[in-house]
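Novice: Below you will find the structure I want to go over with you.
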Amino acid sequence: MPSVAEVIAALGAVRDPELDDDIVELGFVASVQTAGDAVSVRLRLPTYFCAPNFAYLMAADARDAVSALPGVATVDIALDEHHASDEINAGVAAGANFAQTFEGLADGELDELRTTFRRKAFLARQDRLARGLLAAGRDPQDLAAMRLCDLEPSAEVELYRSRRAELGFDTAPTSALLLDGRGRPATPETVADFLRRGRTTAVSIEGNAGFCRGLLATRYPGHSLEQTMERSAS
């Protein structure tokens, strides 16, 4: 029997593709219940009209993450209070893809969309590392010459490596630190443009994340996952 903590940990690997934060940290997991080998998860989003493609991706990824836990036989993922909740919940329960879930409305699958936002997530993570190095006294030309092995080990560095790996970019210690969205390394001539593009991408993601957090807190005041679990246990 999986524990609630194990389920929440598994859900922590599921990211909002647009915001590059996990759905637990963002507050999108409303509740988790376990009964023997069955798990039930309720999800919520900041607004009733959040994009259905992103909503579907998170619900389907949540199903896959929880289903992979040892001892789990059945998983019920329910997205609450969304204009496409019925379609998404039915599609995810049936193991249908996005085009099957929205038959006649969806234009193909979401692989290209997911890759686009993985590139943005990678650039934003790279920007965070670059800003830290610049604040520590490095200059842009230093960054153009740096390799991954020049970074001090940290959780942020590991996240950056994982974002590179998702895109199939080189993660060898001797590979260039700064890459563009296609995996091409920066040069002394292009590094300023690299940093500018990375900063623009990071600001966009950070702004959207802050906006979504504010909307969620307004829509569900006083309803954090911890509070919901405490009420369920009492």
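Novice: Which distance in nm do the two modelled labels at ALA68 and LEU215 give, with both placed 7 Å along the Cα-to-Cβ direction?
Specialist: Going from the ALA68 label point to the LEU215 one covers 2.8 nm.
Novice: Using only the Cα atoms, work out Rg/Rh for the chain, with Rh taken as the Kirkwood radius, to two decimals.
Specialist: 1.02
Novice: Please state the charge dipole magnitude for region 75-234, taken about the Cα centre, from unit charges on C-beta atoms (+1 on K and R, -1 on D and E), reported in debye and rounded to the nearest 20. Please report the intermediate quantities before stating the final value.
Specialist: On the way: 20 positive and 25 negative charges, 146 e Å.
Around 700 debye, computed over region 75-234.
Novice: Let me ask something else about it. With loop defined by DSSP as not H, G, I, E or B, and exposure as at most 11 other Cβ atoms within 10 Å, which is the longest segment of the chain clear of exposed GluC sites (Glu not before Pro)?
Specialist: Value returned for the longest uninterrupted segment is 1-102.
Novice: Evaluate the distance, in nm, between pseudo-label points positioned 7 Å from the Cα of PHE49 and of ASP37 along their respective Cα→Cβ axes.
Specialist: The two pseudo-label positions are separated by 4.4 nm.
Novice: Whats the longest run of the chain with zero chymotrypsin sites (Phe, Trp or Tyr not before Pro) that are DSSP loop and have at most 14 other Cβ atoms within 10 Å?
Specialist: 50-234
Novice: Please find, in a Gaussian network model of the chain (springs between Cα atoms separated by less than 10 Å), the residue of GLY104, GLY27, GLY210 whose mean-square fluctuation is greatest.
Specialist: In this elastic network of the chain, the residue with the biggest mean-square fluctuation among GLY104, GLY27, GLY210 is GLY104.
Novice: Could you work out the relative contact order of the chain? I mean the mean sequence separation of Cα pairs under 8 Å and 6+ apart, divided by the number of residues, in percent. Intermediate results must be reported in sequence, preceding the final value.
Specialist: Working: 312 pairs, mean separation 47.1, N = 234.
Here the relative contact order equals 20 percent.
Novice: For region 90-176, what is one quarter of the convex hull surface built on the Cα atoms, given in nm²?
Specialist: Average projection, Cα convex hull of region 90-176: 7.7 nm².
Novice: So which residue, out of ALA155, ALA38, ALA60, gets the largest mean-square fluctuation from a GNM of the chain using Cα contacts under 10 Å as springs?
Specialist: Fluctuation is largest for ALA155.
Novice: Another question about this same structure. Choose one answer from SER224, SER162, SER85: the residue with the largest mean-square fluctuation in a GNM of the chain with alpha-carbon springs under 10 Å.
Specialist: Fluctuation is largest for SER162.
None of the figures in this text is laboratory data; all of them are computed from the coordinates on show. Everything numeric in this text was worked out from a predicted model, so none of it was measured. Neighbour counts run over all protein chains shown; Cβ positions are idealised from the backbone, glycine included.
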